[in-house]
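Participant: Dumping the structure here so I can ask a few things about it.
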Amino acid sequence: MRKNIVAGNWKMNTTLAEGVGLAKDVNEALKGVDAKCDVIICTPFTHLASVAAVIDQKKLGLGAENCADHIKGAYTGEVSAPMVASTGATYVILGHSERRQYYGETSEILKTKVNLALAENLTPIFCIGEVLEERENGTYFDVVTKQIQEALFDLSAEDFGKLILAYEPVWAIGTGKTATADQAEEMHAHIRKVIADKYGKEVADNCSILYGGSCKPTNAKEIFSKPDVDGGLIGGAALDAASFMGIVTAF
Ligand code: PGA
């Protein structure tokens, strides 16, 4: 059966020293709780190797926030999937709306990144979600369906089964405006149906689908109580160990 997961997305926050400190705090806090979910932190590239050295990855998974769409070579400033894997990280966020919006990441590019990540045994946390205009004009189901189909539906069922999905309505990211638990459930159930139609019920039932967008200790419990919501991808609230733990323990 699918896992419950709480994953932090630190984005472009924390210096190396701050990041290592935060990772240590989360690692330490996890020792004191019987977490009912897998817990992951996704940090800037610069922090990965140092964080890997101070956490217990049996209890706290580690991921990058992106990887390159090439495996190696003359791509100044890029960080490849093999490089991410060589730090000890085992997850990678791909297709975050900020990457799509600010760095022009298309489904075609993301398809390549997913394949490169899987080839390194990295687990992609693949993000999908509509912008406010698409929510308001009622096209949000189609938009999310298309994002999944375009980037992921060339995968074999076996490879698709390795992914974690994260539904993040763009209008709810960093805005304090959370989707209601019912809005999240409605979309998660839709996503699961789209997967079932392509890969069958078993693959769909086994896929962890996280919700992301202004998830906090105060709203996590209600959102996570929905049958098709298997956890959260947490931005702002992951930058403080206590609030992140407040979300982890919502399960
Ligand atoms: P937020 O970000 O929790 O700060 O809204 C979530 C995300 O973008 O992954």
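Participant: Would you mind checking the pairs Lys72/Lys113; Lys72/Lys198; Lys24/Lys113 and listing those with alpha carbons more than 22 angstrom apart?
Facilitator: Numbers: Lys72/Lys113 13 Å; Lys72/Lys198 33 Å; Lys24/Lys113 29 Å.
Beyond 22 Å: Lys72/Lys198; Lys24/Lys113.
Participant: What do you reckon, how do Glu202, Glu18, Glu185 stack up by accessible area (1.4 Å probe), largest on top? Please report the intermediate quantities before stating the final value.
Facilitator: Numbers: Glu202 140, Glu18 110, Glu185 30 Å².
Descending accessible area places them as Glu202, Glu18, Glu185.
Participant: Which whole-number value in Å³ per residue fits the convex hull of the alpha carbons of region 153-199? Please report the intermediate quantities before stating the final value.
Facilitator: Working: hull volume 3.9 nm³, N = 47.
That works out to 82 Å³ per residue.
Participant: Moving to a separate point now. Rg and Dmax of the chain, using alpha carbons, in Å: what are they?
Facilitator: Rg, Dmax (Cα atoms, Å): 16.8, 47.
Participant: Show which lysines lie in cross-link reach of Lys31 when reach means a straight Cα distance below 20 angstrom and same-chain residues fewer than eight apart are skipped.
Facilitator: Once the sequence-local lysines are set aside, what remains near Lys31 is Lys3, Lys58, Lys59.
Participant: Per the Cauchy relation, a quarter of the hull surface: what is the mean projected area of the convex hull of the alpha carbons in region 1-42, in nm²? Please report the intermediate quantities before stating the final value.
Facilitator: Working: hull surface 13.3 nm².
Projected area, direction-averaged: 3.3 nm².
Participant: OK, next. From the helices alone, meaning DSSP H stretches of at least four residues, give me the mean residue ellipticity at 222 nm for the chain, per-run term -39500 (n - 2.57), in deg cm²/dmol to the nearest 500. Please list the in-between numbers first.
Facilitator: Values: 12 runs with 111 residues, N = 251.
Per the formula, -12500 deg cm²/dmol.
Participant: Follow-up. Starting from the Cα gyration tensor of region 77-216, take the square roots of the eigenvalues, sort them a ≥ b ≥ c, and report rounded, prolate or oblate (rounded when a/c is under 1.5, otherwise prolate if a/b is larger than b/c, else oblate). Could you put the intermediate results ahead of the total?
Facilitator: Numbers: a/c = 1.72, a/b = 1.27, b/c = 1.35.
The shape class here is oblate.
Participant: For Cα pairs less than 8 Å apart in space and 6+ apart in sequence, what is the mean separation divided by the residue count of region 143-251, i.e. the relative contact order in percent?
Facilitator: On the way: 157 pairs, mean separation 30.6, N = 109.
Contact order relative to length: 28 percent.
Participant: Shifting gears a bit: When a/c is below 1.5 the answer is rounded, else prolate if a/b is larger than b/c, else oblate, so apply that to region 1-124 with a ≥ b ≥ c taken from the square roots of the Cα gyration tensor eigenvalues.
Facilitator: Working: a/c = 1.87, a/b = 1.54, b/c = 1.21.
Judged from the Cα gyration tensor, region 1-124 comes out prolate (a/c at least 1.5, a/b above b/c).
Participant: Quote the relative contact order of region 1-45 in percent (integer), defining contacts as alpha-carbon pairs under 8 Å separated by 6+ residues. The partial results should precede the final answer.
Facilitator: Values: 33 pairs, mean separation 32.2, N = 45.
That works out to 72 percent.
Participant: Report for the chain the percent antiparallel among DSSP-assigned beta bridges with both residues inside it, nearest 5.
Facilitator: 0
Participant: Still on this structure, please answer the following. For the chain, what is the accessible area per residue in Å², given a 1.4 Å probe and the full set of protein chains? Each step should come with its number before you reach the end.
Facilitator: Working: 11010 Å² over 251 residues.
On a per-residue basis, the chain sits at 44 Å².
Participant: Quick one: compute the contact order of the chain, relative version, from alpha carbon pairs under 8 angstrom and 6+ residues apart, as a percent. All intermediate terms of the calculation are to be shown ahead of the outcome.
Facilitator: Values: 486 pairs, mean separation 55.3, N = 251.
Taking the mean separation of contacting Cα pairs over the length of the chain, I get 22 percent.
Participant: Compare the peptides 5-16, 187-198, 145-156, 86-97 by average per-residue count of other Cβ atoms within 10 angstrom and give them in order, highest first. Numbers along the way, then the final one.
Facilitator: Values: 5-16: 19.7, 187-198: 18.2, 145-156: 16.7, 86-97: 22.7.
With the highest mean Cβ count within 10 Å placed first, the list reads 86-97, 5-16, 187-198, 145-156.
Participant: Further question on the same structure: Roughly speaking, to the nearest percent, how much of region 118-251's 1.4 Å accessible area is carbon and sulfur? Intermediate values should be presented prior to the final figure.
Facilitator: On the way: 2670 of 5370 Å².
It is 50 percent, rounded to a whole number.
Participant: In addition: Where does each of Val39, Val33 land when they are ordered by accessible area, with a 1.4 Å probe and the largest first? Let's see the in-between values first.
Facilitator: On the way: Val39 5, Val33 50 Å².
These residues rank, largest area first, as Val33, Val39.
Participant: Could you sort Lys162, Lys113 by their accessible area in this structure, using a 1.4 Å probe and putting the largest first?
Facilitator: On the way: Lys162 90, Lys113 5 Å².
My answer, sorted largest first, is Lys162, Lys113.
Participant: For region 131-210, report the % of Cα-Cα distances exceeding 17 Å.
Facilitator: Numbers: 1416 of 3160 pairs.
For region 131-210, the fraction of Cα-Cα distances above 17 Å is 45 percent.
The values are calculated or read from the model by the stated rules, or taken from the named source; none is laboratory data. Here the structure is a predicted model, which means the values were calculated and not measured. Methodologically, a virtual Cβ is constructed for each residue, glycine included, from the backbone with ideal geometry; neighbour enumeration extends over all protein chains shown. Ligands, DNA and RNA are excluded from the accessible area calculation, which covers all protein heavy atoms including side chains. Shrake-Rupley method; radii C 1.70, N 1.55, O 1.52, S 1.80 Å.
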